[in-house]
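The values are calculated or read from the model by the stated rules, or taken from the named source; none is laboratory data. The model shown is predicted, which means the values in this text are computed figures rather than measured ones. With ideal geometry, Cβ positions are generated from the backbone for all residues, glycine too; neighbour counts draw on all protein chains shown. SASA here: full protein model, heavy atoms, side chains in, ligands and nucleic acids out. Shrake-Rupley method; radii C 1.70, N 1.55, O 1.52, S 1.80 Å.
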Amino acid sequence: MNVESFFSENIKAALKNDPPGAWMPDLPDGCIRLSSGYPDPALVPAEELKEAVARLLDEEQDLPLHYLGSPRIPRLKQQIQKRLAERGICVLEEQLLITSGACQGIDLIARVLLDDKAVVAVESPTYMEALEIFQNYTKRIISIPIDEQGLQTYRLKEMLDERKRTGQTLPRFLYTIPTFQNPTGTTMTNERREHLLELSIEYDFLILEDDAYGELSFDENPVPIKSIDKCGRVLQVGSLSKVVAPGMRIGWIAGESEFIKAFEWFKKDLDHPFAQSSMAVYLENTDFEKRLDLLKDTYRSKCTALIHSMEQFLPESVSWYVPDGGYFVWVRIPGVDTSQLLSQALAEGVSYVPGKYFFLDQNDGTEFLRLSFSYANEKEMIEGIRSLGQLIASSLS
């Protein structure tokens, strides 16, 4: 039997891409995980979540374990609405959809808005899992470079002008991580955020704002693009993965109600009622601002430790952006193919993510790598950077 003959044409095309997660290396035991974009293990509130689950089942018995789930599920939406409002994003109930993590939100948006004729614009570099999702729906993807101030909106305008002048299809939407971007850690300036919104109106496209790290500033949180959107152009995707626990799979889409209705149509009942109701109980009993202060203090300290060790152990030709929040540091090593270097690093017990996976054209990323300061402890990070520095110096010589 020819199994592939039963697949639809768009699925056949999608399966020609690299498999999801191809960028993730097999890690040896005891490896220092500078590759992992995971929360610090000590900051995952396991005991508090355990108490929330116990309280939920004591109070509601079997209700959270049914299809419809707990009556607390609507409360979770209200809790997220409140958190968004505190950041200047005021949405009605019908303008918010709870999703199973941010990636389900991105996938729903792509599923509803993209087809093989649609064009989507992305930052270069960008989040590799978003690239994987978009490539399942269209091959017409345009990259716009970023710098230390985020997306280069003047380059975006040049591209839009050229496509309009030559009669080419304009993007359906632009995907951006404006705040503590993955992988670069950079943050888009307020001036560029305003310019991006102006361009979206002038050239009639939507903005998909991925705000996964928006509350993890080392100082003041930048203003979300969604909070200054007066025309309903922004679809904001958010998540509790980075600030509570990724395994709970709690995310959302905030946008105009007509969009939300369409996304909900295709989401159907692909929910996790037990996880949502458990999270609602956890949030009921958590001083979230206090928790955010703890997260910010911890990640600020860990980022400082990583940067100091890089200054101490990496060769002078190596450069990087210093982030103001989030999880990541983006590194350039001129003359070194970081994919080839990775096997040596893993043999020395250190992991990172090669830069090529964050680019549409992987050749653009050969000299880059992404380091994470969120997961490993400070002692491990210093040891890992010392080993990495020796390997880079050897490669350069």
Check: Can you pull out the residues in region 249-274 that are open to solvent by less than 30 Å² (accessible area, probe 1.4 Å) and among the aromatic types (Phe, Trp, Tyr)?
Finding: Trp252, Phe263
Next item on the list: Scan (1) under 21 Å from the mean Cα position of the chain (by Cα); (2) among the hydroxyl-bearing types (Ser, Thr, Tyr); (3) open to solvent by less than 10 Å² (accessible area, probe 1.4 Å) for the single condition Ser278 breaks and write down its number.
Entry: (1)
Note to self: Kindly evaluate Leu56 against the criterion of being out of contact with any Phe, Trp or Tyr (no Cβ under 6 Å at 6 or more places or on another chain), in contact (Cβ under 8 Å) with a residue 24 or more places away in the chain and either within 19 Å of Ser100 (Cα to Cα) or not in a helix (DSSP H, G or I) (or both).
What the structure shows: no
Check: Do we have any residue at all in region 58-65 that's surrounded by fewer than 10 Cβ atoms within 10 Å (Cβ to Cβ) and closer than 30 Å to Glu380 by Cβ?
Finding: no
Next item on the list: Give Pro183, Pro222 a once-over and let me know the one that is of a type outside the set (Ser, Thr, Tyr), closer than 30 Å to Tyr375 by Cβ, assigned to a loop (DSSP other than H, G, I, E, B) and touching a Lys or Arg at 6+ places or on another chain (Cβ under 6 Å).
Entry: Pro183
Notebook entry, point to check: Restricting attention to region 88-107, which residues are in contact (Cβ under 8 Å) with a residue 12 or more places away in the chain, out of contact with any Asp or Glu (no Cβ under 8 Å at 6 or more places or on another chain), open to solvent by 10 Å² or more (accessible area, probe 1.4 Å) and under 25 Å from Arg75 (Cβ atoms)?
Noted result: Gly88, Val91, Leu92, Glu93, Glu94, Gln104
Check: For region 355-392, how many residues meet the condition of being closer than 18 Å to Leu306 by Cα and either of a type in the set (Gly, Ala, Ser) or not in a loop (DSSP other than H, G, I, E, B) (or both)?
Finding: 22
Item checked: Filter result for the condition that a residue is part of a strand (DSSP E or B) and modelled with pLDDT of 95 or more, over Glu209, Glu191, Glu215 -> Glu209
Check: Is one or more of the residues making up region 70-83 touching a Leu at 6+ places or on another chain (Cβ under 6 Å), in contact (Cβ under 8 Å) with a residue 24 or more places away in the chain, open to solvent by less than 20 Å² (accessible area, probe 1.4 Å) and of a type in the set (D, E, K, R)?
Finding: no
Margin query: Cβ-Cβ distance below 6 Å, separation of 6 or more or different chains: which pairs start in region 4-21 with a residue that is open to solvent by 70 Å² or more (accessible area, probe 1.4 Å) and end on one that is modelled with pLDDT of 75 or more?
Written below: Pro20/Glu132
Next item on the list: Mind listing whichever residues of region 108-119 are touching a Leu at 6+ places or on another chain (Cβ under 9 Å) and either within 22 Å of Arg370 (Cβ to Cβ) or surrounded by fewer than 22 Cβ atoms within 10 Å (Cβ to Cβ) (or both)?
Entry: Leu113, Val119
